[in-house]
1. How far, in degrees from 0 to 90, does helix 44-66 lean away from the longest principal axis of the Cα atoms of the chain, to the nearest 10?
2. Any idea what angle helix 9-19 forms with the longest principal axis of the chain, computed on alpha-carbon atoms, 0 to 90 degrees, nearest 10?
3. When only C-alpha pairs under 8 Å and at least 6 residues apart count, what is the relative contact order of the chain, in percent?
4. Once both axes come from the Cα atoms, what is the angle between helix 25-39 and the longest principal axis of the chain, in degrees from 0 to 90, rounded to 10?
5. Full extension from Val32 to Phe63: what is 0.36 nm times the residue separation minus their Cα-Cα distance, to one decimal in nm?
6. Kindly provide the GluC sites (Glu not before Pro) of the chain that DSSP labels as loop, not H, G, I, E or B, and whose Cβ sees at most 12 other Cβ atoms within 10 Å.
7. Given a Förster radius of 30 Å and the C-beta distance between Leu54 and Met11 as r, what FRET efficiency does 1/(1 + (r/R0)^6) yield to the nearest 0.05?
Amino acid sequence: MEIDFSVFQPMMNEFVMHIVVVLLLPFIVMLVVVEILNILKVPKYIGGVGASLLFLFLVYQMFLIRF
């Protein structure tokens, strides 16, 4: 017995795009910022906390924009 999931295909495609936009884009921005902070010799603790807060803020902003 097989279950046909083709009915959910359009909804799943949209869901995956929302996940990519909400999580992946802020993650890439956060990685770039962390590398810039490492180049500027910012202490790892400050850079880590700042990057974590930046990631949470960007995810929140993307969530507000997308939904």
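1. Approximately 40 degrees, to the nearest ten.
2. Computed tilt is about 10 degrees.
3. Values: 22 pairs, mean separation 26.7, N = 67.
Computed value for the chain: 40 percent relative contact order.
4. So the inclination is approximately 20 degrees.
5. Numbers: separation 31, 0.36 × 31 = 11.16 nm, distance 2.04 nm.
Stretched fully, the Val32-Phe63 segment lengthens by 9.1 nm.
6. Glu2
7. Details: r = 31 Å, r/R0 = 1.03.
Computed FRET efficiency for Leu54 and Met11 comes out at 0.45.
No lab work stands behind these numbers, since they all come straight from the coordinates. Only a predicted model underlies this, so the values are computations on that prediction, with no experimental measurement involved. Quick reminder, even Gly has a Cβ in these numbers, built from the backbone with ideal geometry, and neighbours come from all protein chains shown.
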